[in-house]
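Asker: First, the structure itself, so that you have it in front of you.
Coordinate-derived values only; no laboratory data. This is a predicted model, so every value here is computed, not measured. Note that each Cβ is placed from the backbone with ideal geometry, even for glycine, and that neighbours are counted across all protein chains shown.
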Ligand code: CO
């Protein structure tokens with residue numbers, strides 16, 4: 001059996017197991033898509049949100065890319081935010097970075113090339129400010145500092161998106177959060193608290209950049 005045939009067999013066994021416990025599970029799943037959270041995270045396979053939050057995957061709407069970036073000209077990410085806020089009506093958007101991030105490390109070590117180099121260019125700008133501040137720090141310390149600053153930057157980009165600005169102008173209940181997942185411990189850390197207005201977002205931007 002090839003590796004991928006094995007995956008299909010695993011899927012079949014999984015569906016059968018769920019149906020044997022809850023006969024209407026898939027029927028009900030197909031009728032409702034109402035996640036409360038939008039998760040913007042890194043593609044790193046160790047950071048799947050449903051696993052680390054211990055939540056059923058249908059409760060989290062997910063967008064992931066290398067180093068959890070939010071570019072205002074990225075139609076994919078902007079569409080996800082628009083759909084999550086305007087149609088799914090999520091209450092919370094979480095941007096989550098993580099320790100041991102290959103994208104962050106590549107930028108720190110000047111080892112990016114091709115499309116990844118273009119994708120991570122905003123991180124190179126942040127790296128300059130980190131490098132000045134942390135000249136004596138170890139690579140791990142600088143990597144974590146850059147990861148944290150990147151989360152804050154991407155949170156401010158989410159807050160600056162047309163969708164989120166409009167939602168706040170219309171008085172919708174919507175909070176944006178910046179978290180950090182430490183792969184070495186399995187623990188999530190809240191970096192910024194709850195941001196639920198343009199004024200709060202502006203104050204965070206002023207404080208950090
Ligand atoms: Co990563």
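Asker: Can you find even one residue in the stretch 134-150 that is buried (at least 16 other Cβ atoms within 10 Å of the Cβ) and not in a helix (DSSP H, G or I)?
Answerer: Scanning the stretch 134-150 turns up no residue that is buried (at least 16 other Cβ atoms within 10 Å of the Cβ) and not in a helix (DSSP H, G or I).
Asker: For the stretch 1-52, give me each residue that is in contact (Cβ under 8 Å) with a residue 40 or more places away in the chain and assigned to a helix (DSSP H, G or I).
Answerer: 46, 47, 49, 52
Asker: Sticking with this one: Does residue 85 count as in a helix (DSSP H, G or I), surrounded by 18 or more Cβ atoms within 10 Å (Cβ to Cβ), away from the ligand (no atom under 16 Å from the Cβ) and under 18 Å from the mean Cα position of the chain (by Cα)?
Answerer: Considered against the rule, which asks whether it is in a helix (DSSP H, G or I), surrounded by 18 or more Cβ atoms within 10 Å (Cβ to Cβ), away from the ligand (no atom under 16 Å from the Cβ) and under 18 Å from the mean Cα position of the chain (by Cα), residue 85 comes out as yes.
Asker: Among the residues of the stretch 54-70, how many are away from the ligand (no atom under 16 Å from the Cβ) and in contact (Cβ under 8 Å) with a residue 24 or more places away in the chain?
Answerer: Summing the residues that are away from the ligand (no atom under 16 Å from the Cβ) and in contact (Cβ under 8 Å) with a residue 24 or more places away in the chain in the stretch 54-70 gives 4.
Asker: Filter the stretch 88-114 down to residues that are more than 21 Å from residue 180 (Cβ to Cβ) and either in contact with a helix residue (DSSP H, G or I) (Cβ under 6 Å, 6 or more places away or on another chain) or within 16 Å of the ligand (Cβ to nearest atom) (or both), then give me how many there are.
Answerer: Within the stretch 88-114, residues that are more than 21 Å from residue 180 (Cβ to Cβ) and either in contact with a helix residue (DSSP H, G or I) (Cβ under 6 Å, 6 or more places away or on another chain) or within 16 Å of the ligand (Cβ to nearest atom) (or both) number 2.
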